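To start, the structure itself, in structure tokens.
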Amino acid sequence: MTQGRLTSCIPLPVEHKLLVTVIEKAKDWALMHGVGMRDRKHFTKDAIQIAPFVLLPSPFPQTEFNKAVELQPILNELMHKVAHDDEFLTRTLQNALQVDEFTASLFDIWVKVRDEGMAQTLSLGLFRSDYLMQNPDGNRIKQVEFNTVASSFGALTSYLHDMTRYILRQLGQGDLIKNMPENRALSGLCSGIIEAYDLFGVPSAIILFVVEEISYNICDQRFHEFEISEKRPEIMIYRRTLTEIYEETTLNDKKQLILDGHTVAVVYYRSGYEPAQYPSTREWDARLRVERSTAIKCPSIHYQLAGTKKVQQALAAPGVLEKFMGAGAATGRVRDIFTGLYSLDFDENGERAVDMALADTERFVLKPQREGGGNNLYGSDVREALLRMRHSRERAAYILMERILPPLVSGYVVRPGASVPPPLTDLVSELGIFGVIIGTKDKIYCNRQAGHMLRTKLADANEGGVAAGLGALDSPFLLEM
Ligand code: ADP
Ligand code: MG
């Protein structure tokens, strides 16, 4: 099928000499304002390099952007309810748990903590709902996934917005800036962390960021620390790996998590979402200790479980949205952003889904219960995996999702180490909308949308993880269509 194309914000290509000049300006702007990452090949803590970015903002239909923004608080609340429905979570995940050790370990912690009585009933969610436009369906947005843990790039894309504005001005196109929606993701996300801190209500308590051993995406994380420090200079933030948390923290008799003599008010996970981040039982012990504590977790373990692909698939099944949201207009609006999602459980429905996928593998994506990119299967890999797993319970760890075919956009992707200027290429964009929610099972204290991010990849790449080096950071240029 040929994919439609959205009109770029200015006529392309840009003349060679001008293009080289603005790319140099853009790179320096990016470096000097922290639109950067650490170098994976030649790692050093003494330098950052530019994060891959798209030079000009990529077109995105205004109505679809607005729709995604408006839906965010509704989706936040939906996920909050899902996370607090013990029976639903248990039933939805039960088959996957038997074959997916990682999700089972998270689930075990949840059950343990719940059974001994939760020391902290408040959860903090810094969510991100991701969308691709379905080109054959009039470029309407379809949800790719809902991230409940370590949703990244709020900081970098907030700054990138300013870089793109600068570049448009350098090209004499400053009047186009009015089509770029304001992006206050960093400030919105950090306000959420601070509100949770205040609800914890213990003076001189600290905030703990759970980080990877090496944080390549350091700018995105540090900007949160700087922003919180700017807004609330008295709050100290610590960064620790799960291994260090195992070694350095204790629970006192009030179940407070103590680090360096301080009570931890908020634990913000920027790690802990994939198996490699738990190299031994010590990291799992650390996770359990944190979950047992009074600290407010971002996300709480039940938020993390609610963000699994299996839950996303279950929500698309008939009657499930109605159960959580009633039968009103909002339910219809949420259903409208879902694309085909199918269970591969070892039963009749699963069998039908396997047959359907084998008949036309190009129409589907096969997804395991993993986060962080690079785990999904496409095309011939779908066939191979389904044939291998057809008679095995292993397949219950996966879901089948209809493949979304986004419209093409043209653009220049600027990457560290690549020659300048880059070729003008066909790209596709994925929109992420950030959301903040704080609440207990019975009371929601805050629920709002908080900025956005756009991530753009080569049109023929299956995935576009920026940290994985496949995608590039971008800003939306809203089109009235
Ligand atoms: P992860 O948790 O690894 O980020 P995602 O569900 O977001 O998993 O998938 C990773 C990437 O794969 C997405 O960012 C998108 O580029 C691509 N992708 C995922 N689902 C689909 C789909 N249904 N159609 C087309 N591309 C998809
Ligand atoms: Mg994703």
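The values are calculated or read from the model by the stated rules, or taken from the named source; none is laboratory data. For clarity, every value in this text was computed on a predicted model and none was experimentally measured. Neighbour counts run over all protein chains shown; Cβ positions are idealised from the backbone, glycine included. Note: accessible area is taken over every heavy atom of the protein model, side chains too, but ligands, DNA and RNA are not part of it. Shrake-Rupley method; radii C 1.70, N 1.55, O 1.52, S 1.80 Å.
The condition of being assigned by TED's automatic domain parsing to the domain that holds L132, open to solvent by less than 20 Å² (accessible area, probe 1.4 Å) and modelled with pLDDT of 95 or more holds for only one of V409, V466, that being V409.
Scanning the range 144-159 for residues that are within 15 Å of ligand 1 (Cβ to nearest atom) and either at pLDDT below 95 or touching a His at 6+ places or on another chain (Cβ under 9 Å) (or both) returns a single hit, T157. For P203, the criteria (1) at pLDDT below 95; (2) under 19 Å from the mean Cα position of the chain (by Cα) hold in every case but one, which is (2).
Among the candidates T339, T308, which residue alone is in contact with an Asp or Glu (Cβ under 6 Å, 6 or more places away or on another chain) and open to solvent by less than 70 Å² (accessible area, probe 1.4 Å)? Please lay out each step first, then the result.
On the way: T308 fails: in contact with an Asp or Glu (Cβ under 6 Å, 6 or more places away or on another chain).
Going through T339, T308 in turn, the sole match is T339.
Here S187 meets the list (1) among the small types (G, A, S); (2) surrounded by fewer than 20 Cβ atoms within 10 Å (Cβ to Cβ); (3) under 30 Å from A286 (Cβ atoms) almost entirely, failing just condition (3). Suppose the filter is more than 22 Å from Y278 (Cβ to Cβ) and free of Cβ contacts under 8 Å to residues at least 24 places away in the same chain; does R128 pass it? Against the criterion (more than 22 Å from Y278 (Cβ to Cβ) and free of Cβ contacts under 8 Å to residues at least 24 places away in the same chain), R128 does not qualify. Of the strands (runs of 3 or more DSSP E) lying entirely inside the range 379-481, those containing at least 2 residues that are within 12 Å of ligand 1 (Cβ to nearest atom) and in contact with a strand residue (DSSP E or B) (Cβ under 8 Å, 6 or more places away or on another chain) are 398-402, 425-439, 444-458.
The combined condition, being open to solvent by less than 20 Å² (accessible area, probe 1.4 Å), of a type in the set (S, T, Y) and away from ligand 1 (no atom under 16 Å from the Cβ), is fulfilled by Y268.
Candidates A265, A317, A329, A295: the one that is of a type outside the set (S, T, N, Q), out of contact with any Gly (no Cβ under 9 Å at 6 or more places or on another chain) and within 25 Å of I218 (Cα to Cα) is A295.
Taken residue by residue, the range 428-450 has at least one member that is of a type in the set (S, T, N, Q), within 16 Å of ligand 2 (Cβ to nearest atom), modelled with pLDDT of 95 or more and buried (at least 19 other Cβ atoms within 10 Å of the Cβ). Do the conditions hold for K255, that is, is it more than 26 Å from Y278 (Cα to Cα) and either crowded, with 20+ Cβ neighbours inside 10 Å or out of contact with any His (no Cβ under 7 Å at 6 or more places or on another chain) (or both)? Taking the combined requirement at face value, the residue does not satisfy it.
Scoring Q3 on the criteria (1) out of contact with any helix residue (DSSP H, G or I) (no Cβ under 9 Å at 6 or more places or on another chain); (2) at pLDDT below 95 leaves a single failure, condition (1). Answer yes or no: is there a residue in the range 377-398 that is aromatic (F, W, Y), within 18 Å of T103 (Cβ to Cβ), touching a Leu at 6+ places or on another chain (Cβ under 7 Å) and outside the structural domain of D100 (by TED's automatic domain parsing). Looking for residues that are aromatic (F, W, Y), within 18 Å of T103 (Cβ to Cβ), touching a Leu at 6+ places or on another chain (Cβ under 7 Å) and outside the structural domain of D100 (by TED's automatic domain parsing), one finds at least one in the range 377-398, hence yes.
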